[in-house]
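Working notes for the structure below.
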Amino acid sequence: MIKILGTGSYVPEKILTNFDLEKTLDTSDTWIVQRTGIHERRIAAPEESTVSLSVAAAKKALAAAEVSPKDVDLLILTTSTADYQISSSAPIIANELGCGKIPAFDLNAVCAGFVYGFCVAAGLLESGMYKNCLLIGSDVYSRILNWEDRNSCILFGDGAGAILLKKENGAPNILAHDYSSDGSGSAYIRIPVGGSKIPYNSNENIAKEDLYFKMEGKKVYEFTIKEIPACVKRLIEKANIASSDLDAVIFHQANIRIIDAVAKDCEIPIEKFFINIQKYGNTSSASVPLALDEAVRKGKIKTGDKVMLLGFGGGLSWGGVILEWQ
Ligand code: UT7
């Protein structure tokens, strides 16, 4: 069985409210709250970055797990805002934590990153290759957003969450997993410039907004409303449980309307969903572990509970697991 020995999270101190955004953008608190459920988000201080947020969250997860950094033998960072294009950020985090020369790598599945990372970590632990995996979801979208684009910049915030996973003896407790991707929708979420397709030094005429995060929100919304309830239903069926058997749903905090629609469509009482979007907005890879840590610390999850983790976003990529909490 895969045990989550400890969880931790970190958010920057600075709060950016919808009312703050009203001062610089053609938007309103009313519009943002009604369309998304977001009231405020956190913004990293100039000296902070994805690595520093990750280290802060990881330290809390290790403390909760009562595991020394020296006993971590695998570290996975899920992020789409690594500190540098090259090299990856996970080794920097492992070094700063004092984990020694362990395998450490970045995994980028955008907002689905953490749930994809969970699948990779659980698989590697189940195989017996590693014993203690530190899995971190961390993103600093404030650095890649176009703060003049009201369609996207109002949605995101910065944060990090981490969990320490360990394989222990006992019956398998990952009751179901279900992952998918659809690259035909890749252009709906993208930073067009800066990759190998259109490098910064391209001779092409580069529009300033193409240097930043761009999202066709309506298209992504339509995709989620179609694919995510289907994924949730498949998970419930594979786990051989009824939707009423779920004790907690830790869902990607992208839009409260998406959560409401999925709850209704899948006949899961809304009270089962842990919701903190109002405080943090969409923190991409950090979204699920940030909610999970808050739910655990508030005593919302106990041994034996059936917990769903579910993420979706750029790629397009989506998926999740149902696990029995041990
Ligand atoms: O984490 C990755 C996964 N991401 C998601 O799941 C996001 C999915 N998409 C969404 O959550 C929603 O599509 C949004 C919240 C991004 C947008 O909500 P919407 O209800 O789809 O709004 P819309 O884009 O259709 O825009 C409706 C109107 C438009 O005005 P007109 O054309 O009707 O006159 C927009 O220009 O609202 C306008 N609008 C805004 N108004 C005030 C768009 N952004 C804003 C804004 N403030 N910030």
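The values are calculated or read from the model by the stated rules, or taken from the named source; none is laboratory data. Source: prediction; values computed, not measured. Cβ placement follows ideal geometry from the backbone for every residue including glycine, while neighbour counts extend to all protein chains displayed. Surface areas here come from the heavy atoms of the whole protein model, side chains and all, with no ligands, DNA or RNA. Shrake-Rupley method; radii C 1.70, N 1.55, O 1.52, S 1.80 Å.
Below are the figures for this structure:
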read-out: Pick from segment 1-13, criterion surrounded by 15 or more Cβ atoms within 10 Å (Cβ to Cβ) and more than 13 Å from Ala286 (Cβ to Cβ), ranking: farthest from the ligand (Cβ to nearest atom); value: Met1
read-out: Residue match in segment 206-226 (condition: touching a strand residue (DSSP E or B) at 6+ places or on another chain (Cβ under 9 Å), open to solvent by 60 Å² or more (accessible area, probe 1.4 Å) and not in a helix (DSSP H, G or I)); value: yes
read-out: Residues of segment 23-41 that turn out to be touching a helix residue (DSSP H, G or I) at 6+ places or on another chain (Cβ under 7 Å), within 9 Å of the ligand (Cβ to nearest atom) and without any contact (Cβ under 8 Å) to a residue 60 or more places away in the chain, as a count; value: 1
read-out: Filtered residues of segment 60-106 (kept if open to solvent by 30 Å² or more (accessible area, probe 1.4 Å), in a helix (DSSP H, G or I) and in contact with a Leu (Cβ under 7 Å, 6 or more places away or on another chain)); value: Pro69
read-out: Qualifying positions in segment 107-142 - among the charged types (D, E, K, R) and crowded, with 23+ Cβ neighbours inside 10 Å; value: Asp139
read-out: Whichever residue in segment 155-196 is among the hydrophobic types (A, V, I, L, M, F, W, C) and assigned to a loop (DSSP other than H, G, I, E, B) and, among such residues, is modelled with the lowest pLDDT; value: Ala171
read-out: Residues (in contact with a Pro (Cβ under 8 Å, 6 or more places away or on another chain) and within 16 Å of the ligand (Cβ to nearest atom)) located in segment 70-115; value: Phe114
read-out: Subset of segment 150-165 (residues that are small (Gly, Ala, Ser) and either more than 8 Å from the ligand (Cβ to nearest atom) or under 11 Å from the mean Cα position of the chain (by Cα) (or both)); value: Gly157, Gly159, Ala160, Gly161, Ala162
read-out: Residue under evaluation Ile250, criteria (1) assigned to a helix (DSSP H, G or I); (2) away from the ligand (no atom under 12 Å from the Cβ); (3) surrounded by 16 or more Cβ atoms within 10 Å (Cβ to Cβ), criterion not met; value: (1)
read-out: Pairs where the first residue, in segment 47-58, is in contact (Cβ under 8 Å) with a residue 40 or more places away in the chain and open to solvent by 10 Å² or more (accessible area, probe 1.4 Å) and the second is in a helix (DSSP H, G or I) and of a type in the set (Ser, Thr, Tyr), C-beta under 8 Å, 6+ apart; value: none
read-out: Search result, residues across segment 293-317 that are open to solvent by 10 Å² or more (accessible area, probe 1.4 Å), assigned to a strand (DSSP E or B) and not polar (S, T, N, Q); value: Lys306
